[in-house]
Amino acid sequence: RPRQTLHPEALDWRNRVVANGGSVSGTTLNAVDRFVKAIHAAGIRDRFYRLNLFCGVSDGSLNAVRTPLFRGPSLTGTQFGGAMDTNFNFVQGDYAETGASGGLIGNGTSKYLNTGLAPNALPSVTTGHLAAWTRGGIVAGITRMIGTDATVTANRMTLDRRPSGAVGDLINWGSIATGTFNSGDDSAGLFSGSRLSLTSQRFFKNGSPATAVDTQSAAVTAHSNPWFVFANNANGSPNTYYQHRLASYSIGDGMTAEQMLAYYNALNAFMGALSRT
């Protein structure tokens, strides 16, 4: 029987994991390969400046978990952010690769990752997206799965989970995200948001868009504070930590509703392959 041909980007990720001191099972490598192929088939590979699927064999330094799959819009072009996510306070017991507890869990007080990717490193911040697959859970106040800001609203680029009955979950990409939220959702799945222009920003859950579109004309300001995951980078200091489990995150260019749905479908298949759905 002919052997499966692995995509070069799946092999490149495996090789970087090994170079970083980690390891990957054949089952996981095949799941990553199918995910990469689905992203290319959907024509959305260039939407990603950074994407991490939080997978690989567990070890004390979480070497595989901290190695992102994508670090730029293409394998051969400019790569953005750190070669690995920098770990602050996560331990081996915070991670499980498969099952209902698949992913990496925060504690809401001290654990976060530094991507090393700052807005001013991107070619443009006029458009953009943030996305994270969470295992769900109730939040009591403002929490940020991904975030960075500086001193003014136009610097804020965050993916928030907020309590039901309040503002709800939302995306900020350089503005107060009026109209981009849903009612607050504590269930698992892909939470994401996309700004396609200065007057078009929208929140998504599992690839389905919120009804309202933010039409504020807001200037977006790039700055040098890198995005944190499981917390917000508040002008260099972490705050508004996220306490639940994440199974992936991504940072990149803006996506249409059709592109976001294709992204969700590829991620959902990957999560299913690792029994995370």
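Number of residues in the range 1-23 that are free of Cβ contacts under 8 Å to residues at least 24 places away in the same chain, buried (at least 20 other Cβ atoms within 10 Å of the Cβ) and not basic (Lys, Arg): the value is 0. Please determine whether any residue of the range 71-80 is open to solvent by less than 50 Å² (accessible area, probe 1.4 Å) and farther than 30 Å from residue 197 by Cα. Looking for residues that are open to solvent by less than 50 Å² (accessible area, probe 1.4 Å) and farther than 30 Å from residue 197 by Cα, one finds none in the range 71-80, hence no. Restricted to the range 201-220, and to residues that are farther than 16 Å from residue 168 by Cα and at pLDDT below 85, which residue is nearest to the chain's Cα centre (by Cα)? Per the stated criteria, the residue is 220.
Within the range 24-54, the residues that satisfy the criterion of being hydroxyl-bearing (Ser, Thr, Tyr) and surrounded by fewer than 15 Cβ atoms within 10 Å (Cβ to Cβ) are 25, 27. Kindly evaluate residue 142 against the criterion of being open to solvent by 10 Å² or more (accessible area, probe 1.4 Å) and within 27 Å of residue 27 (Cβ to Cβ). Taking the combined requirement at face value, the residue does not satisfy it.
Residue under question is residue 66, and the condition is that it be part of a helix (DSSP H, G or I) and either open to solvent by less than 10 Å² (accessible area, probe 1.4 Å) or in contact (Cβ under 8 Å) with a residue 12 or more places away in the chain (or both); does it hold? First the steps, then the outcome.
Values: part of a helix (DSSP H, G or I): no; either open to solvent by less than 10 Å² (accessible area, probe 1.4 Å) or in contact (Cβ under 8 Å) with a residue 12 or more places away in the chain (or both): yes.
When the stated conditions are applied, residue 66 does not pass them.
Just wondering, is there one or more residues in the range 183-199 that are on the phi > 0 side of the Ramachandran plot, assigned to a loop (DSSP other than H, G, I, E, B), of a type outside the set (Phe, Trp, Tyr) and at pLDDT below 90? Break it down stepwise before answering.
Pass one, the range 183-199, residues on the phi > 0 side of the Ramachandran plot: 184, 189.
Remaining after also requiring assigned to a loop (DSSP other than H, G, I, E, B): 184.
Within this subset, residues satisfying the condition of being of a type outside the set (Phe, Trp, Tyr) are 184.
Remaining after also requiring at pLDDT below 90: 184.
Taking every residue of the range 183-199 in turn, at least one turns out to be on the phi > 0 side of the Ramachandran plot, assigned to a loop (DSSP other than H, G, I, E, B), of a type outside the set (Phe, Trp, Tyr) and at pLDDT below 90.
Sub-6 Å Cβ pairs linking a first residue in the range 84-99 that is without any contact (Cβ under 8 Å) to a residue 40 or more places away in the chain to a second residue that is loosely packed, with under 14 Cβ neighbours inside 10 Å, at least 6 apart or interchain, are 89/110; 92/60, ordered by first then second residue. Only one entry of 195, 202 meets the criterion of being open to solvent by 10 Å² or more (accessible area, probe 1.4 Å), in contact (Cβ under 8 Å) with a residue 12 or more places away in the chain and not hydrophobic (A, V, I, L, M, F, W, C), and that entry is 202.
The C-beta contact set for the range 244-264 (first residue open to solvent by 10 Å² or more (accessible area, probe 1.4 Å), second residue among the basic types (Lys, Arg) and at pLDDT 95 or above, distance under 7 angstrom, 6+ apart or interchain) comprises 253/47; 259/47.
Looking for something among the basic types (Lys, Arg) and part of a loop (DSSP other than H, G, I, E, B) - is there at least one such residue anywhere in the range 108-115?
Within the range 108-115, the subset among the basic types (Lys, Arg) is 111.
If we keep only those that are part of a loop (DSSP other than H, G, I, E, B) as well, we get 111.
Within the range 108-115 (the criterion being among the basic types (Lys, Arg) and part of a loop (DSSP other than H, G, I, E, B)), the answer is yes, since at least one residue qualifies.
Please find, among 24, 57, 36, the residue that is farther than 19 Å from residue 81 by Cα, among the β-branched types (Val, Ile, Thr) and part of a helix (DSSP H, G or I). Give the derivation first.
Numbers: 24 fails: part of a helix (DSSP H, G or I); 57 fails: part of a helix (DSSP H, G or I).
Matching residue, one of 24, 57, 36: 36.
Scanning the range 241-277 for residues that are in contact with a Lys or Arg (Cβ under 7 Å, 6 or more places away or on another chain), of a type in the set (D, E, K, R) and either farther than 27 Å from residue 110 by Cα or part of a helix (DSSP H, G or I) (or both) gives a single hit, 253.
The values are calculated or read from the model by the stated rules, or taken from the named source; none is laboratory data. Note that the structure is predicted; figures quoted are calculated from it, not measured. Reconstructed Cβ throughout: ideal geometry from the backbone, glycine too, with neighbour counts over all protein chains shown. For the accessible areas, the whole protein counts, side chains as well, though only heavy atoms, and no ligand, DNA or RNA atoms are used. Shrake-Rupley method; radii C 1.70, N 1.55, O 1.52, S 1.80 Å.
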